[in-house]
1. Compute the Kirkwood hydrodynamic radius of the range 1-54, taking the inverse of the mean of 1/r over all pairs of distinct Cα atoms, and give it in Å to one decimal.
2. Roughly what percent of Cα-Cα pairs across the chain reach past 18 Å?
3. Taking 8 Å as the Cα distance limit and 6 or more residues as the minimum spacing, I'd like the relative contact order of the chain as a percentage.
4. Would you mind pulling out the separation of the Cα centroids of the range 9-35 and the range 67-122, in Å?
5. What full-extension length gain, to one decimal in nm, is calculated for residue 104 and residue 8 as 0.36 nm per residue of separation minus the Cα-Cα distance?
6. In which sequence would 14, 93 go, from the one with the fewest C-beta neighbours within 10 Å to the one with the most?
7. Please arrange 126, 20 by how many other C-beta atoms lie within 10 Å of their C-beta, fewest to most.
């Protein structure tokens, strides 16, 4: 059984301090769509919903995932400072599925995003592996 590697404590604290992300999904015709979304991070999954179920069920992100295009990208970012320029970023590639969840927007359908690979940059406390710009790449493994 393989142990699942999750986000570091620094990354988790950053994720829990943020409320807005951008999610990219793809239609059955191959058209990418990226939109800002409210999200929650429970330490393992990202949950993306909408402030009403009526709106959520009309969104492209919902239909794209429901129609079988489960690969998604999620970016959570902000600016710690503009002078000097200090962006903070976590980018996630993963898979999404539509599930029932009791979340920030109440009970209903949400996209549950399972991280597969993530890249982080500019977050205080990150332990960069190797030279470069302090980016950290993490491959997230599912428990067998």
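Values in this text are rule-based calculations from the coordinates and carry no lab data. Keep in mind that this is a model prediction, so the values were computed, not measured. When we count neighbours, we look across all protein chains shown, and the Cβ atoms used for this are built from the backbone with ideal geometry, even at glycine.
1. Working: mean 1/r = 0.0751 Å⁻¹.
Hydrodynamic radius (Kirkwood, Cα only) of the range 1-54 equals 13.3 Å.
2. Distances greater than 18 Å cover 57 percent of the Cα pairs.
3. 26
4. 3
5. Stretched out fully, the residue 104 to residue 8 stretch lengthens by 32.2 nm.
6. The order, fewest Cβ neighbours first, is 93, 14.
7. Numbers: 126 18, 20 11.
Exposure proxy ranking, most exposed first: 20, 126.
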